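Here the structure is laid out as structure tokens; the discussion comes afterwards.
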Amino acid sequence: MSIEEKDLPFDEKIIINKWSHKNMTIEDYKKLHEKTIANIEEFWSSIAKELDWFKPWDKPLVADPQPPFYKWFAGGKLNASYLTLDKHVASWRKNKVAYIWEGEPVDSKGNPTEVRRLTYYDLYREVNRLAYAMKTKLGLRKGDTITIYMPMIPELPIVMLAAARLGVIFSVVFSGFSATALADRINDAKSRVIFTADGFWRRGKQVRLKEVVDEAIKSAPSIEKVVVYRRLGINDVPMTQGRDQWWSDLLSDVPVNAYIEPEHVESEHPLYILYTSGTTGKPKGIVHDTGGYLTELHATMKWVFDIKDDDVYWCVADIGWVTGHSYIVFGPLLEGATIVMYEGAPDYPAPDRWWQIIERYGVNVYYTTPTAIRTFMKFGDEWISKHDLSTVRLMHSVGEPINPEAWRWAWKWIGRNEIPFGSTWWMTETGGILVSHVPGWGLIPLKPGTNGMPIPGVDADVVDDEGKSIQGKRGYLIIKKPWPGMPLTIWGDPSRFVNVYFSKFPGVFYAGDWAIKDDDGYIWVLGRADEVIKVAGHRLGTYEIESALISHKAVAEAAVVGVPDQVKGEVPVAFVVLRSGNAPSDELRKELRVWVRQVVGPIAEPSNIIFVSKLPKTRSGKIMRRLVRQVVMNQPLGDATTLEDETSIDEAKKAYDELRKEIGST
Ligand code: WT7
């Protein structure tokens, strides 16, 4: 949600008494932080040393061939699967639970009917067996790419880890994405193999996945093999002979004790590609390396989550997004943590499912989202108040700004007004958390809604249009020095990498977010400064939704903007110009909403569609989304001098007001 700066409690300071062993004054934090960024190479090397390398690096940081392309820990060799599995299996953690997985289905009393506990040794076994099959049966080799389109089941991390073991680069596509979105991502990565499942449970219903994959493959010719995990056990799954194979068949003759030597990959070897939305139609394949990425995850698991061996840790994200990659899979496994993983909806069968899960497993460290918190607030206090959440000792939120009201509610009901609770800022591109409270390193006073300070070793700032550091005023969030979780590039498009992130302010990373640095130096990220919106924390390019609308036969033009929503933070609203011969109607409106769900995915469905005869444009024909947004927000237009035809704005206003009256909303 774009948060208004005037609403923010810049001066409120909450000291967490229970954390007295690590409390820090703002001044002390700044002084120590200064030291960490004075020599980032030395500082991050001291962290990277805590991982187990097959071969030490020659240089902590080299630009190759030139900035902003960097190799962290150049010359070093390691393996992500070795560090997250073999290392623990060789220690007392061998029989420690890695994942506690809970499926969505419940019995008549509301108790889960499927709970699986996988120890580090179990995970190690399964990953080795799958890696063995990948190598010997599917012929996958270091540097190959695969796509993973799977629900929230333990087999999803198992595929990721098996790929990492071989140096195979994987691309996970969120299981809520449509066939078109999946095909685009397969084609860009040129994957030879896709891993999927028959489906999964969501709100008591079976969601089928294999059919989506079949549809995608029609326009994704690189796919040679499809491996299907039986999650639901439905028996009418279409299987294409020679191409499709059940997971159980693939593994049937693989020995239980199969062992695959983990590939010694270079530190800069790509671990994965993860597609994310930008301001143009084509999603960007963000590429993360191995050594730098894992170093940042190791650091943030300790500093941000203060992770301890006896903790039960739960991050509620879906592994289809970066939060899950970093903080359900690689980060916590690297630390040998016990991780809760839940398949289904937070409000199934009742709005207290999440609180039950916290109680059932005694969750200690909890990573959640603002949209979830606002949803629970709406359900009413009675759902949360009947649960004992006192095991939770630390929590954070992520994905979008958290409004102070939601922060206070969660801090009271989950945090008993006494535990550290931050809002961790980062993005797909940054690999891990960059601006956050760091209770495991040194905790400064909390302020409801802030992101806190840049973490150690990260040089973040807020600047004006000229790139000058500013305080107390809205500006752009930037990262001034390389950090180990930074992307290697955009897959197949290095020049776009430079243009998108390193050209607005030459040489520094431009995040695309508005932020304020307050007088104490705390950073408050306010929302996106570009044409990206966050719907329930999910990142969508307005352009993707527009392209989907335009691909419908009745639509000539479309402008999509994000508008604030009490629960989801933001929702997309579309202004649509119809092709001649088509008349606006409620049916068509419905049809277009369904269309967008099908083309992009359910999260992209516009909350409203407004039919107009023209869109506000500049004289050169560019749609002025900023003006469209002002109309929807009922705000003064600001500078509209480049607008070609003012009547377009009047029409949009009128149409929107009518719709507002009709639906009785504001
Ligand atoms: C965008 C990145 C990386 C976590 C999942 C989202 C917004 C993320 C916060 C926060 C305010 C936040 C930003 C950012 N965002 N966390 N704590 N406070 N805004 O990753 O999908 O790549 O989205 O999410 O706008 O640019 P993502």
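One table, with the values for the structure above:
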quantity	calculated
Residues of the stretch 406-422 satisfying the condition of being without any contact (Cβ under 8 Å) to a residue 40 or more places away in the chain and within 10 Å of R393 (Cα to Cα)	G415, R416, F421
Leading residue by the ranking (surrounded by the fewest Cβ atoms within 10 Å (Cβ to Cβ)) among those in the stretch 390-413 that are within 16 Å of the ligand (Cβ to nearest atom) and hydrophobic (A, V, I, L, M, F, W, C)	W411
Residues located in the stretch 430-458, provided they are polar (S, T, N, Q) and outside any loop (DSSP other than H, G, I, E, B)	T430
Residue within the stretch 414-425 that is touching a helix residue (DSSP H, G or I) at 6+ places or on another chain (Cβ under 9 Å), more than 29 Å from Y293 (Cα to Cα) and open to solvent by less than 10 Å² (accessible area, probe 1.4 Å) present	yes
Q206 being open to solvent by 60 Å² or more (accessible area, probe 1.4 Å) and either assigned to a loop (DSSP other than H, G, I, E, B) or at pLDDT below 95 (or both)	no
Some residue of the stretch 479-493 being within 12 Å of the ligand (Cβ to nearest atom), among the β-branched types (V, I, T) and either open to solvent by 30 Å² or more (accessible area, probe 1.4 Å) or within 24 Å of A299 (Cα to Cα) (or both)	yes
Residue tally, condition of a type in the set (A, V, I, L, M, F, W, C), touching a strand residue (DSSP E or B) at 6+ places or on another chain (Cβ under 9 Å) and closer than 19 Å to S171 by Cβ, over the stretch 317-343	6
All positions within the stretch 618-631 that are closer than 19 Å to G541 by Cβ, out of contact with any Lys or Arg (no Cβ under 8 Å at 6 or more places or on another chain) and open to solvent by 10 Å² or more (accessible area, probe 1.4 Å)	K622, R625, R626, R629
The stretch 245-265: number of residues that are buried (at least 21 other Cβ atoms within 10 Å of the Cβ) and assigned to a strand (DSSP E or B)	1
From the options I153, I148, residue that is within 29 Å of E102 (Cβ to Cβ), open to solvent by less than 10 Å² (accessible area, probe 1.4 Å) and assigned to a loop (DSSP other than H, G, I, E, B)	I153
Matching residues in the stretch 279-298 - criterion: being assigned to a helix (DSSP H, G or I) and either within 16 Å of the ligand (Cβ to nearest atom) or farther than 26 Å from V62 by Cβ (or both)	Y293, E296, L297
Selection within the stretch 12-48 - assigned to a loop (DSSP other than H, G, I, E, B) and either free of Cβ contacts under 8 Å to residues at least 12 places away in the same chain or of a type in the set (S, T, N, Q) (or both)	T25, N39
Count of the stretch 559-571 residues which are within 17 Å of Y656 (Cβ to Cβ) and in contact (Cβ under 8 Å) with a residue 40 or more places away in the chain	8
Residue match in the stretch 194-203 (condition: at positive phi and touching a helix residue (DSSP H, G or I) at 6+ places or on another chain (Cβ under 8 Å))	yes
Some residue of the stretch 490-501 being over 21 Å from the mean Cα position of the chain (by Cα) and of a type in the set (A, V, I, L, M, F, W, C)	yes
Only one of E296, E335 that is open to solvent by 20 Å² or more (accessible area, probe 1.4 Å), at pLDDT 95 or above and among the acidic types (D, E)	E335
Single residue of D64, D28 found to be among the charged types (D, E, K, R) and either crowded, with 18+ Cβ neighbours inside 10 Å or out of contact with any Asp or Glu (no Cβ under 9 Å at 6 or more places or on another chain) (or both)	D28
Index of the failed condition, H298 passing every other in (1) in contact with a Phe, Trp or Tyr (Cβ under 9 Å, 6 or more places away or on another chain); (2) under 24 Å from G457 (Cα atoms); (3) touching a residue at least 60 places away in the same chain (Cβ under 8 Å)	(1)
Contacts under 8 angstrom Cβ, first residue in the stretch 431-444 being at negative phi and among the aromatic types (F, W, Y), partner open to solvent by 10 Å² or more (accessible area, probe 1.4 Å) and more than 15 Å from the ligand (Cβ to nearest atom), 6 or more apart	W441/K22; W441/K302; W441/W303
Cβ pairs under 7 Å, 6+ apart, first in the stretch 572-594 and touching a residue at least 24 places away in the same chain (Cβ under 8 Å), second among the aromatic types (F, W, Y)	V576/F611; L578/F611; P584/F611
The stretch 249-278, subset within 16 Å of the ligand (Cβ to nearest atom) and of a type in the set (A, V, I, L, M, F, W, C), residue farthest from K59 (Cα to Cα)	L274
Any hit, the stretch 373-389, residues being under 16 Å from W314 (Cβ atoms), more than 16 Å from the ligand (Cβ to nearest atom) and either assigned to a helix (DSSP H, G or I) or at pLDDT below 95 (or both)	yes
Scope the stretch 483-529; condition small (G, A, S) and modelled with pLDDT of 95 or more; matching residues	G485, G492, S495, S503, A511, G512, A515, G521
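The values are calculated or read from the model by the stated rules, or taken from the named source; none is laboratory data. All figures in this text were calculated on a predicted structure; none of them were measured in a lab. Because the Cβ atoms are built from the backbone with ideal geometry, glycine has one as well, and the counts that use them run over all protein chains shown. Note: areas computed on protein heavy atoms with side chains; ligands, DNA, RNA excluded. Shrake-Rupley method; radii C 1.70, N 1.55, O 1.52, S 1.80 Å.
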